[in-house]
């Protein structure tokens, strides 16, 4: 007890201490939000190698720091992640074959942006977690075929809490933005390289308005439009979607946001992903250990800017 209390007192002024069944609770003095955030990060760093885990909450006007024993967990097996990722890659290949009727450079041109979006989204989680020396956000690719079993989404089911709202935001945003840049690269590439078919596979919402600027029969553009639509759906503020984690970093997720997202997904035909969201919304919820400190202003600006950009891209290139 003395060791824990001395570590806590290195960063916070303790007003009272309570012994609980699984650890301790410290009532700490109120601080400036930025001081609270930095102090908790330092405390978490000190306790990272111990058997204890800190959590900061606010009860009324009081700040309570809970320090509890970590729950022993069995080693993580990623077999389901791998199987679902392979299934998603397979359904993308099947989608190209179904729409074009043969294996050829035409199919590759259509599938390349979608495959890039999927692989960049998943691979960047591992790369970013390695660079930041933090656990990656576990996600499962939901396979499907556009127009038949609508493709696709990424369900995040990590139950381990992240340090604070900034970390929660970063864990969802960086893989998402990397995948978006990958799709945009193919979109720009489609302006220079044409792999044409006689009839477009999809019909973007504003294709008539922009027909003079974009070749809607270009398969690179077709695949990019599907990738943009998938990313738009995953930006919706539903629990366990990338967008749900992002909105949770701003405020608590709500049933109303889940329902709104499910309605939009169903309207766009992404009912498989909607069913997955319904299934996990009350099972897996990720919340920060420091639920008191707000999201940084810079990240709020990034979120709003990204929201405007993805809505605009979906309005121009999105497909149903």
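The values are calculated or read from the model by the stated rules, or taken from the named source; none is laboratory data. Because the structure is predicted, anything quoted here is derived from the model rather than measured. A quick note on method: Cβ atoms are made from the backbone with ideal geometry, for glycine too, and the neighbour counts reach across all protein chains shown.
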For the stretch 216-224, check the following and say yes or no: at least one residue is in the same structural domain as residue 249 (by TED's automatic domain parsing), farther than 29 Å from residue 83 by Cβ and modelled with pLDDT under 70.
yes
Here is a list: 306, 291, 296, 249. Which entry is buried (at least 24 other Cβ atoms within 10 Å of the Cβ) and within 20 Å of residue 167 (Cβ to Cβ)?
249
Hey, any hits in the stretch 96-109 for a residue that's at pLDDT below 80, assigned to a helix (DSSP H, G or I) and buried (at least 23 other Cβ atoms within 10 Å of the Cβ)?
yes
From (1) touching a strand residue (DSSP E or B) at 6+ places or on another chain (Cβ under 7 Å); (2) at pLDDT 80 or above, pick out the condition that doesn't hold for residue 116.
(1)
Whichever residue in the stretch 176-209 is touching a helix residue (DSSP H, G or I) at 6+ places or on another chain (Cβ under 6 Å), under 13 Å from residue 313 (Cα atoms) and at pLDDT 85 or above and, among such residues, is surrounded by the most Cβ atoms within 10 Å (Cβ to Cβ)
183
Give me a count of the residues in the stretch 162-179 that are under 15 Å from residue 240 (Cβ atoms) and not in a helix (DSSP H, G or I).
1
Tell me which residues, restricted to the stretch 26-40, are surrounded by fewer than 18 Cβ atoms within 10 Å (Cβ to Cβ) and modelled with pLDDT of 90 or more.
27, 38
Wholly within the stretch 1-70, which strands (runs of 3 or more DSSP E) include no fewer than the required count, namely at least 3 residues that are farther than 21 Å from residue 286 by Cβ and out of contact with any helix residue (DSSP H, G or I) (no Cβ under 6 Å at 6 or more places or on another chain)?
14-20, 23-28
